[in-house]
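Peer 1: This is the structure I want to talk about, given as C-alpha cells.
The values are calculated or read from the model by the stated rules, or taken from the named source; none is laboratory data. All values derive from a computational prediction rather than experimental measurement. Using ideal geometry, Cβ is built from the backbone for each residue, glycine included, and neighbour counts are taken over all protein chains shown. What goes into the accessible areas is simple: the full protein's heavy atoms, side chains included, and nothing from ligands, DNA or RNA. Shrake-Rupley method; radii C 1.70, N 1.55, O 1.52, S 1.80 Å.
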Number of protein chains: 4
Amino acid sequence: MPLVCLTDFQAQARERLPKASWDFIEGAADEGITMRDNMAAFKKIRLRPRYLKDVSQVDTGTTIQGEAISAPICIAPTALHCIAWPDGEMSTARAAQAAGVCYITSTYASCTLEDIVASAPSGLRWFQLLVQPDWQLNKQLIQRAESLGFKALVVSVDVPVIGKRRDDLRNQIDLKANIKLCKILQSPDEAKAVPSSLLAAMNAFFCWDHIPWLQSLTRLPIILKGILTREDAELAVKHNVQGILVSNHGGRQLDEVPASGEKGVEEVLNILKEEFRTSMTLTGCRSIAEINRDLIQLSRL
Amino acid sequence: MPLVCLTDFQAQARERLPKASWDFIEGAADEGITMRDNMAAFKKIRLRPRYLKDVSQVDTGTTIQGEAISAPICIAPTALHCIAWPDGEMSTARAAQAAGVCYITSTYASCTLEDIVASAPSGLRWFQLLVQPDWQLNKQLIQRAESLGFKALVVSVDVPVIGKRRDDLRNQIDLKANIKLCKILQSPDEAKAVPSSLLAAMNAFFCWDHIPWLQSLTRLPIILKGILTREDAELAVKHNVQGILVSNHGGRQLDEVPASGEKGVEEVLNILKEEFRTSMTLTGCRSIAEINRDLIQLSRL
Amino acid sequence: MPLVCLTDFQAQARERLPKASWDFIEGAADEGITMRDNMAAFKKIRLRPRYLKDVSQVDTGTTIQGEAISAPICIAPTALHCIAWPDGEMSTARAAQAAGVCYITSTYASCTLEDIVASAPSGLRWFQLLVQPDWQLNKQLIQRAESLGFKALVVSVDVPVIGKRRDDLRNQIDLKANIKLCKILQSPDEAKAVPSSLLAAMNAFFCWDHIPWLQSLTRLPIILKGILTREDAELAVKHNVQGILVSNHGGRQLDEVPASGEKGVEEVLNILKEEFRTSMTLTGCRSIAEINRDLIQLSRL
Amino acid sequence: MPLVCLTDFQAQARERLPKASWDFIEGAADEGITMRDNMAAFKKIRLRPRYLKDVSQVDTGTTIQGEAISAPICIAPTALHCIAWPDGEMSTARAAQAAGVCYITSTYASCTLEDIVASAPSGLRWFQLLVQPDWQLNKQLIQRAESLGFKALVVSVDVPVIGKRRDDLRNQIDLKANIKLCKILQSPDEAKAVPSSLLAAMNAFFCWDHIPWLQSLTRLPIILKGILTREDAELAVKHNVQGILVSNHGGRQLDEVPASGEKGVEEVLNILKEEFRTSMTLTGCRSIAEINRDLIQLSRL
C-alpha cells in the first residue's frame, strides 16, 4: 500500500523500529505534557476557503532570514538521527537540499558538521546551539558553524532541565550514554576536535545576561527556540535577537520518520509541500505574500 | 429488519458494495477535512418545539427558483451513479420525480443527459457544471442542458484542485480512468457528441471574471455551489448570480446509498420528507413560510 | 449484590425484561433526540456544598398544589405498566402511597382508574390527559378522574404526532395494538365504560383555543406537560393554567424499572428520597424553603 | 519495570491489594461525585514556561503555619492505613519525616497517637479532628494531640453525613466495624484510654457556633478542611480561624498507595518533590516566593 500521508510514514516507523528507539524518538518530541495539546491544537485549525480566484499558478517559495526556500517548511533540530538510519544527518541534509527547505542541525547530531556540509553543500542550513557550561566550547561551536556556511544560530532556551520522559526511564535509556554517540565535536582538523564527554544535556545557568555575549561572537542572526509566553517574546525583542521559534514539537516528531534512508525524508517533505500548495490553492493564495490571518477561522481557536 | 432511517441504508450499502466503490462514494463526499465537522455540526442543531398550535394540516411544499417541489429537499450533484447500480442516474431521476424533489445532475453523470431526461420527463432538474478548460465545450453543455429542460445552472466553485482522497490513493483508484465512464458528453445527435476525454476534473483558472460570460450564454438562473465565506457570498451578490449553495456534503453522502436500484432512493427520499414533516409539526409550523430562525436553539451553535 | 442506585435497577431490568419490552420502555422515555441531552444536562449539574450548619434535622417534606408530599418527587405519567409487571399501575400506586409521593396516572394506564384508586386509596394522584379527538370522551375522562379524587389534571401538549421510535419500528411494535391493552376507559359502571378503540395516540388538532373549554369542565388545577420554550410558558401564564411541567423524561425512564412487583418501585423511591436528603444535608438545607439557586454552580450550565 | 510516576504506584496497588481494600481506598478518596471532576481539573492546568532565567539553584523549601517543610507538600488525613500495610500510620509518619513534609494524622488512624509520634519524633505533624458528639471526647483528643507536639488542628467540616459509597455498599463493607480498628483513642496511659466504640463517623450537629469553643480549648492554629464556597471561606475569616483546606481529594487518593511498607511512601513523596522542582525550574522560579498566578494559563480554567 502506498504511503500517502505523514501518518502512514509514522505507522511504518513504529512497526519497523526497535521499541526503545521508537519511544526515544516519540519521547524526544515531548517536552513535558504539551505534545497532545499540540496535536489537538493543529487539528482545531480550520481554513476559510476562498474560491473563484485564478490559482492556476501557485508559488510556495519564500525567503527566511534573506535566504530562498521552496516552501515555508524547515526541518526542526533533533538529536541522533543515526538511531533511525545509519547515514544519520547526512541523509537528512541531502533530502532537505533536494526539497529546497532549511535544515536546522542539532548540537547533538550523530555526524560531524563537516560531513553534513560535505554531503549537501548547496543546501540551506542553520545551526542549533544548546548552550554549554564551557564558554570556550560555545565559542568554538558557533564560529565553526559560521565558517562552515550555516546561515543562522538557533539557541534553545527551553532545556534548563531535561523533562521527565517516562518511557525512557522505563526502558532504562541512559541519556549520558547517548550523548557519547554525538560526533559533532569531532573534526577532520585534530586541533579543533573536542571529546563529546564535554557535552551537557541542559543548562540551568543560561539566562538573558548571556545573549549579548553570544551576539559578540558571531554576525549570524540569532533565533531563540522555545519561547512560549508574550513576556519572553517581548524580552527577546528587547535583546535584539532576529527571531523566535514558537513551540514546534509537531515538526520535530515527523521529520525523523525513516524510510530507506533519505528517499523517505524526501517523500515526507514532498507530501508536506504538496499539502501546503493545495491549502494555498483552496484559499485562493497565489503566493506566500497573499497569506494572511483571514484564512483561519479564528473563532475556533 | 426494516430500514427505518438513513443510517440503516448507509450500513447496508457499506455491507453490499465492493470496498473500493464504498470508499469512492464515502470519499466523494469529503472535500478535505470537513466531512466530520459537517456531521457534528448537524448533530449540534436543536429545534425549539412549539406546542398547542393546530398542526393537523402540515404542508411541506414550496418553490425553488419558481418551480414547485413537494419538500425543500434536493439531490445534490454526485458523479458516476453507475458505480452503485447499473441504471445509474436514470434511476435517480425517476425516484426524484416520484418524490417531487429537485435532482441536480452532475457533469460527471454516467448516463447521457438525453437518457436522464427521457427516463423521468416531468421531474424538476438542475444541471451542475464543472467549468471546463475548453470554453466551447462549456457553451455546448450549458445550451444543451437548457434546451433539454434543465431549470437552473449550478456552477461548482470549490474544485480548483482535487482534494487529496487518501482512501482512493490507497486503493489506487485512477480518477482519469473514472472520467472515461462519464457518458454525459455523448448524444443521440452525433453532431453534438464529444469524447469524454475532453473532460477535466478541476479548473484552477476559473475565476469571477468568467461569470459574466456564463451569464451571456444562458437565461437559466445561476447558482454558485461551494461558497463558504461571507466575503465570497458578497462577491456572488455583486456578480448578480441567483443563488449560492453552502456546503452540502452531508446530503451528497446520503443520496447515493443504493437499495434495489430506484426503489431505495425513493424510500430514502420519503424518509427525509417524513422526518421533515414531523419536525415542522413539532415546531408548530403549518407551512414552509412559518419556518424561521426562532425554531433553532442558536446558543448551541 | 444489593441494588444501591437507580443505574443498578435499570441494569437489572434490561437483563430480565424481553428485548421488545425493554426497547418500548426505553423508547417511551425518548421524545425525539433529546434523551441523551437530558442525561448529559443532569450530569453537568454541580451542587455548591455549604458546611457548618446544624443539619441534624432535615425535612424533605413539601406541598404540591396544596397537597403534602414527603419529598419533591413525583412519578411521571407513563403508559402500560402491565408490560413490566402483571399488577401494573396498581403496584405503582401502592408504592407511591407508601413513599408519600405523587403519582401521575397516564391516560394509557393498563388498569382502570377505579382499580388504581382502590389499591391505594389515601395516596396523592394526578391524572394525565392526552386530549382525544372525541370531545365527549375528554369530558367523561376529566370528570371521572375528578370524582375519583385525582387532585390535578396534567395535559400533555407535546404529542401532536408520535415521535419516530426506531427500535419499536425495527421490533415491528404496533402502537395501535398496544392501545387495546389500555383499560382506563373500562369501568365497573357499565354506563360509563367506553371501548378503548376510541383512544387516539396523538392530537395534532389540539391548541390554545381549547384550554378555556378544558377549564370550564373541572375545578381541578390544570398543568401543561411538555412546555419547553419561554414563549409557550408565557402563553401558559396568559391562559391562566396553574402550572407547567418542563421536560422530565429522566424521571419517566426510571420509574418503570421493575423489581418483584411494587417492592422494587418502593426501593427506587426510597433511594431517590435518601439521595435528595443527603444533597439537602451537604448543602446545609434543613427544609425545602431553604433551597435556592445559589446551591447550583450556574457557571457550569 | 521501575515505578516512575504516581500512576505506576496506583496501578501496582490495584494489582496487589484485595478488591474490597482497593475499593475502600479509592472510595475513601471520593466524597460524592467530585473525584473525576478533580482529576479532570488538575489535567486542565497548563503552566506558562518562562525561560532564560538562571535556575541552577532552585529551593522548594517553605514554611507552613510557621514550621519549615522541604516542599509545599502535605499528606492529607486518611483513615486506617493498616488496611494497606501492617505498620499503618507509623510508616507514613517515618516517610513524611524523611521527606521533610507535613503529615496530617486522621482521627481514624489505626495506630495510637503516641506510637505515631514515637516512630518519627522530629517530623512535622498536624492532627485532623472529626468533631465527635461527645464534647468531653473532643476536648481530650485536642489536648492530647497538642501535648504530643502536633502543630495544628485540622477540623473537617464536610462530613455532616457520610457520602454514599456505592462500591462499599456492594462489597457490604460495614463502616462501624471499620471504626473498631481505630486505635487512636487507646493510650499507654490507661487513665486516658477511651473505647473506640465512642467514635462517630459523622456530625450533622456541628456548626459555626462551636468554633469559639474549639478555640477556647487549644492554642494550636485551627484549619477548616473541606470549605468549597466563597461564602463559607468568608465565614471562616469572620470566625478567626488560621486557614482553610480547599478540596484535596487527589492528594488523599495517592498517599495511601503501598509499596513495601514506608519505602514506597518515601519514593512517592520524592517523585512529587522532584516533579515540583522541575515545574519550578521550567517556569523560572528559584524560590516559593517567586511563584505567582502568572505561571498558570488562566484562560484554560
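Peer 1: Using a 1.4 angstrom probe and counting only protein chains, how large is the accessible area of residue C:241 in Å², to 10?
Peer 2: Accessible surface of residue C:241 is approximately 20 Å².
Peer 1: One decimal, nm, shortest first: give the distances between the label point of residue D:54 and those of the same position in the other copies, each label point 7 Å from Cα along Cα→Cβ.
Peer 2: 6.3, 6.3, 8.9
Peer 1: To continue, here is another question. Roll a 1.4 Å probe over the protein chains and send me the accessible area per residue for region C:57-170 in Å².
Peer 2: Solvent-accessible surface per residue comes out at 33 Å².
Peer 1: Now for a separate question. For residue A:143, place a label point 7 Å out from Cα along the Cα→Cβ vector, do the same in each other copy, and report the separations in nm, one decimal, smallest first.
Peer 2: 7.9, 7.9, 11.2
Peer 1: Partner chain Cβ atoms within 10 Å, averaged over the residues of B:225-238 - can you pull that number for me?
Peer 2: Across B:225-238, the average partner-chain Cβ count within 10 Å equals 3.
Peer 1: Interface size between chain A and chain D, please: total buried accessible area, 1.4 Å probe, rounded to the nearest 100 Å².
Peer 2: 2100
Peer 1: If you don't mind, there's one more thing I want to ask. With a 1.4 Å probe and all protein chains kept in place, how do C:290, D:89, A:234 rank by accessible area, largest first?
Peer 2: A:234, C:290, D:89
Peer 1: Which of the listed residues, B:11, B:107, B:129, is farthest toward the dipole's positive end in region B:1-146, when Lys, Arg count +1 and Asp, Glu count -1 at the beta-carbon?
Peer 2: Highest projection toward the positive end goes to B:11.
Peer 1: Checking the table C:53/D:139; B:53/C:43; B:44/C:19; A:238/D:273; C:43/D:43; C:183/C:263 against a 27 Å threshold on Cα-Cα, which pairs fail?
Peer 2: B:53/C:43; B:44/C:19; A:238/D:273
Peer 1: Right, another one. Computed FRET efficiency, Cβ-Cβ of residue C:47 and residue A:57, R0 60 Å: what is it to the nearest 0.05?
Peer 2: 0.45
Peer 1: Taking θ as phi - 60°, what are the ³J(HN,Hα) couplings along region D:211-222 by the Karplus curve (6.51, -1.76, 1.60), each to the nearest whole Hz, with x for Gly and Pro?
Peer 2: 3J(HN,Hα) across region D:211-222, in whole Hz: 4, x, 5, 4, 5, 6, 8, 8, 9, 5, x, 10.
Peer 1: At a Förster radius of 41 Å, what calculated FRET efficiency corresponds to the Cβ-Cβ distance of residue B:134 and residue B:287, to the nearest 0.05?
Peer 2: The pair residue B:134/residue B:287 has a calculated efficiency of 0.35.
Peer 1: Where Rh is the Kirkwood radius over the Cα pairs of region C:80-163, the temperature 25 °C and the viscosity 0.890 mPa s, what D in µm²/s does Stokes-Einstein return?
Peer 2: Roughly 185 µm²/s, to the nearest whole number.
Peer 1: Run the numbers for residue A:201 and residue A:20: contour at 0.36 nm per residue of separation, minus the present Cα-Cα distance, in nm.
Peer 2: That pair, residue A:201 and residue A:20, stretches by 63.2 nm at full extension.
Peer 1: Roughly how many nanometres apart are two label points built 7 Å out from the Cα toward the Cβ at residue A:118 and residue A:216?
Peer 2: Going by the 7 Å Cα→Cβ label model, 3.5 nm.
Peer 1: Here's something else I'd like to know. Label position 7 Å from Cα toward Cβ: report the copy-to-copy distances for residue B:39 in nm, one decimal, ordered from shortest.
Peer 2: Once sorted, the set of distances for residue B:39 reads 2.0, 2.0, 2.8 nm.
Peer 1: May I pose another question? Give the relative contact order (percent, whole number) for region C:15-145; include only Cα pairs under 8 Å separated by 6+ residues.
Peer 2: Relative contact order for region C:15-145 comes out at 18 percent.
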